[in-house]
Amino acid sequence: MVKQQHITHAQELRLQAVHCKQHNQSWSASKIGKHIGCNRMFVSRWLTRHQQTGDINDKPRSGRPQIADAAAENYILMAAQLPECTSAADIAAKTQQALGLKLSGSTVTRLLKRKGLQHLTAKVVPMLTVKQKLARVKFAKAALRRERCSWRRVMITDSKYF
């Protein structure tokens with residue numbers, strides 16, 4: 001499968017500038033700029049760079065190299081779907097165990113977000129106390145003892161407004 005490369009608006013303008021110059025050799029940078037809707041300096045900069053390098057893409061930018069390669073990304077996506085991986089830290093630990101790649105939970109969260117997934121954190125709720133458990137059992141036993149006909153007096157409605 002061939003991966004399609006996304007062309008930005010700036011790259012589209014650069015292509016138009018180069019195309020105009022190739023087909024209209026006598027046009028100045030100002031005239032090309034007016035034709036494609038950008039300024040003269042933009043056109044002259046990219047025409048010069050295209051003549052020097054033959055390319056209209058941005059130069060490589062600085063930044064920290066990514067830790068996870070394509071295989072690690074695929075493994076993280078697979079691990080995120082496992083029921084035993086309930087947090088980003090769990091996924092990071094499983095990835096380190098399987099691939100020997102040390103990742104943080106925030107790295108895993110960023111990767112999942114970049115891939116269009118959303119990693120949710122489970123809501124922390126307090127456990128039921130013994131007193132609450134006994135009250136629930138008491139309520140359930142009392143409900144079983146009620147007469148069946150008592151439910152005839154209960155009206156069930158839908159509270160949704162349409």
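The values are calculated or read from the model by the stated rules, or taken from the named source; none is laboratory data. Because the structure is a prediction, the values reported are computed rather than measured. No Cβ is skipped: glycine too gets one built from the backbone with ideal geometry, and neighbour counts run over all protein chains shown. Side chains included, ligands, DNA and RNA excluded: accessible areas come from the protein's heavy atoms. Shrake-Rupley method; radii C 1.70, N 1.55, O 1.52, S 1.80 Å.
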- Scanning the range 77-114 for residues that are closer than 18 Å to Pro65 by Cα and in contact (Cβ under 8 Å) with a residue 40 or more places away in the chain, which turns out nearest to the chain's Cα centre (by Cα)? Leu111
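Quick check: is even one residue across the range 123-134 surrounded by 12 or more Cβ atoms within 10 Å (Cβ to Cβ) and either at pLDDT 90 or above or over 28 Å from Pro65 (Cβ atoms) (or both)?
Of all residues in the range 123-134, those surrounded by 12 or more Cβ atoms within 10 Å (Cβ to Cβ) come to none.
No, the range 123-134 contains no residue that is surrounded by 12 or more Cβ atoms within 10 Å (Cβ to Cβ) and either at pLDDT 90 or above or over 28 Å from Pro65 (Cβ atoms) (or both).
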- Query: If you go through the range 19-38, how many residues are surrounded by 10 or more Cβ atoms within 10 Å (Cβ to Cβ) and either among the small types (Gly, Ala, Ser) or under 30 Å from Leu101 (Cα atoms) (or both)?
  - Reply: 4
- Please enumerate the residues belonging to the range 63-109 that are out of contact with any helix residue (DSSP H, G or I) (no Cβ under 7 Å at 6 or more places or on another chain) and more than 26 Å from Lys123 (Cβ to Cβ). Gly63, Arg64, Pro65, Gln66, Asp69, Ala70, Ala71, Asn74, Gln96, Gln97, Gly100
- Task: Could you look through the range 39-73, keep only residues that are under 16 Å from the mean Cα position of the chain (by Cα) and of a type in the set (A, V, I, L, M), and pick out the one that is surrounded by the fewest Cβ atoms within 10 Å (Cβ to Cβ)?
- Result: Ala70
- Item | Candidates Ile91, Ile7, Ile76 - the one that is under 27 Å from Gln118 (Cα atoms), out of contact with any Phe, Trp or Tyr (no Cβ under 8 Å at 6 or more places or on another chain) and either open to solvent by 40 Å² or more (accessible area, probe 1.4 Å) or not in a helix (DSSP H, G or I) (or both) | Ile7
